[in-house]
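Take a look at the structure set out below.
Each reported figure results from applying straightforward, stated rules to the coordinates on display, with no laboratory input. This one's a predicted model, so the numbers in the text were calculated from it and none came from an experiment. Using ideal geometry, Cβ is built from the backbone for each residue, glycine included, and neighbour counts are taken over all protein chains shown.
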Amino acid sequence: MISHVLPTYNRAPIAFERGEGTWAIATDGTRYLDLGAGIAVNSLGHANPDLVSALTEQAGRIWHVSNLYNIPQQEQLADLLVEHTFADTAFITNSGTEAAELAIKMVRKYWSEQGDPDRYEILTFEGAFHGRSTGAIAAAGSEKMVKGFGPLMPGFRQLPWGDMEALKAAISDRTAAVMLEPVQGEGGIRPLPDADLRLIRGLCDQTGALLVLDEVQSGMGRTGRLFAHEWAGITPDIMMVAKGIGGGFPLGAVVATEKAASGMAAGTHGSTYGGNPLACAVGVRVMQIIAQPEFLAGVNRKGALLRQKLEGLIAAHPGVFEAVRGQGLMLGLKCKVAPADLVNAGYAEHLLTVGAADNTVRLLPPLNISDEEIAEAVARLDRAAGRLDG
């Protein structure tokens, strides 16, 4: 018989009842050191006092009014997103998938309003993950996500990841946009080199194509800058944000330049829950904390510390690990064993990690993890790897 919860997940046999910072406590009282952070979502850890305070204070006032009315908390969050990014405007969503859908719509509406509705092809890269909606899976195009869900939304062409020659051959003055993750998350923590990002920006400028960046996983301080594209010194036209922006509360956004958003007039898009006071109150507090230069400097320092320790771990277990890659606190261990084996060995050491493609295990801890917790995490990874040696 089918379970009451639709069985679309292969879940680990663990359930958590509470959390404290970098620790998640299971229903049997076992404490797990959390290097997954809900897949890069709990950016400030579990039960962060600042976020709890922001949420409960707002919960005692008003929860939901809908976008029929002005929402001051939404306007405050949009102001912060514009202040700290390239963008001129923001639309608040509930998730990264919703952000991806709006980004696609925004691109197509832009060209329609320019009098060229047939200019709708969006170039994407193999290994990408933009969500699970029909539009998002069509954009990514992987067999794992699209099989059985056809016919797919037309207008996407996938190119080999990191192949700039293929991009040069594909892009033209008929290309609507190029859409990509600066660092592929689900694809295995694969950063696109800064030089490639600058080349892509230049190709978009030459052809008039819009540049859409998916920073759902790599954004909100995860790589040591507020958004990963900042390392390359470029700006997109449209950007998707989610995961860490809510610190665990469902929240996302699309931010864009005035030009890219010029087609999105009243009635072209909407959301019942998007931008509700509860989510935005939390998002405002997250932005106020993470956008601070000293906080981001701390992420860079801790990312370097973790990476240094991981290099030693790789040297100690050459039969288990191949390399470490990524930036800041968005790191991946490329494995010689099945990623699921390392994840399961981690459970035995009361450590939470996240598998990914390209034989990679992701390490995505809360951005405020302590130095002592980093040392403890690597010690547990060492013991987990020891279970797999040989």
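Within the listed set Arg201, Arg190, Arg18, the residue fluctuating most in the Gaussian network model of the chain (springs between alpha-carbon atoms under 10 angstrom) is Arg18. For the residue pairs Lys105/Lys168; Lys144/Lys259; Lys168/Lys336; Lys144/Lys302; Lys109/Lys243, alpha carbon separations beyond 32 Å are given by Lys144/Lys259; Lys168/Lys336; Lys144/Lys302. Charge tally around Glu376: other residues with Cβ under 15 Å, Lys/Arg +1 each, Asp/Glu -1 each, net -2. Derived scalar couplings between HN and Hα for segment 159-167 equal 10, x, 4, x, 8, 6, 5, 5, 5 Hz in order, rounded to whole Hz, by the Karplus curve 6.51 cos²θ - 1.76 cosθ + 1.60 (θ = phi - 60°), x for Gly and Pro.
For segment 1-41, the C-alpha radius of gyration sits at 1.38 times the compact-globule guess of 2.2 N^0.38 Å, with N the residue count.
How high is the relative contact order of segment 189-336, in percent, counting Cα pairs under 8 Å that sit 6 or more residues apart? Relative contact order here is 24 percent. Using θ = phi - 60° in the Karplus curve 6.51 cos²θ - 1.76 cosθ + 1.60, the 3J(HN,Hα) couplings for segment 307-317 round to 4, 4, 5, 5, 4, x, 4, 4, 5, 7, 9 Hz; x is entered for Gly and Pro. When both segment 208-234 and segment 255-302 are represented by their alpha-carbon centers, they are found 13 Å apart.
Neighbours of Thr134 by Cβ distance under 14 Å: Lys/Arg scored +1, Asp/Glu scored -1, total +1. Each residue, Glu113 and Phe16, gets one label point 7 Å from its Cα in the Cβ direction; the gap between the two is 4.1 nm. Distances between placed amide hydrogens fall under 5 Å for Gly19 paired with Ile25, all partners being 5 or more residues away or on another chain. Spin-label pair Glu126-Lys168: with each label point 7 Å from Cα along the Cα-Cβ axis, the two points sit 2.0 nm from one another. Cut-off 10 angstrom, C-alpha nodes, Gaussian network model of the chain. Which of Ile289, Ile189, Ile92 fluctuates the most? Of the options given, Ile289 has the highest mean-square fluctuation.
Electrostatic tally near Glu181: other residues with Cβ closer than 10 Å to its Cβ, Lys and Arg +1, Asp and Glu -1, net -2.
For segment 292-382, the calculated P(r) over all alpha carbon pairs, in 5 Å bins from 0 to the bin holding the longest distance, is 3, 15, 26, 28, 17, 8, 3, 1, 0 percent. Rounded, prolate or oblate: which fits segment 192-271, taking a ≥ b ≥ c as square roots of the Cα gyration tensor eigenvalues, rounded meaning a/c under 1.5, else prolate when a/b beats b/c? It is oblate, given that a/c is not under 1.5 and a/b is not larger than b/c.
Length gained on full extension, Ile2 to Thr268, computed as 0.36 nm times the residue gap minus the Cα-Cα distance: 91.9 nm. One Cα centroid belongs to segment 1-22, the other to segment 53-86; the line between them spans 30 Å. Output the relative contact order of the chain, whole-number percent, from Cα pairs under 8 angstrom with separation of 6+ residues. That works out to 23 percent. Springs join every pair of Cα atoms under 10 Å in this Gaussian network model of the chain, and among Glu57, Glu126, Glu373 the largest mean-square fluctuation is at Glu57.
Restricting to bridges with both residues inside segment 50-290, how much of the DSSP beta-bridge set is antiparallel, in percent to the nearest 5? That works out to approximately 45 percent antiparallel. The amide H of Ser133, built 1.01 Å from its N in the peptide plane, has no neighbour under 5 Å, considering only residues 5 or more places off or on other chains. A simple rule links phi to the HN-Hα coupling: the Karplus curve 6.51 cos²θ - 1.76 cosθ + 1.60 with θ = phi - 60°, which for segment 43-60 gives 5, 10, x, 7, 6, 4, x, 5, 6, 4, 5, 4, 5, 5, 4, 5, 4, x Hz, with x for Gly and Pro.
Within the same chain, aspartates and glutamates fewer than 8 places from Lys147 are excluded, and of the rest, those with a Cα less than 16 Å from its Cα are Glu126.
Dividing the convex hull volume of the alpha carbon atoms of the chain by its residue count gives 155 Å³ per residue.
Scanning residues 5 or more positions from Leu331 or on other chains, those with amide H under 5 Å from its amide H are Leu363, with H placed 1.01 Å from N in the peptide plane.
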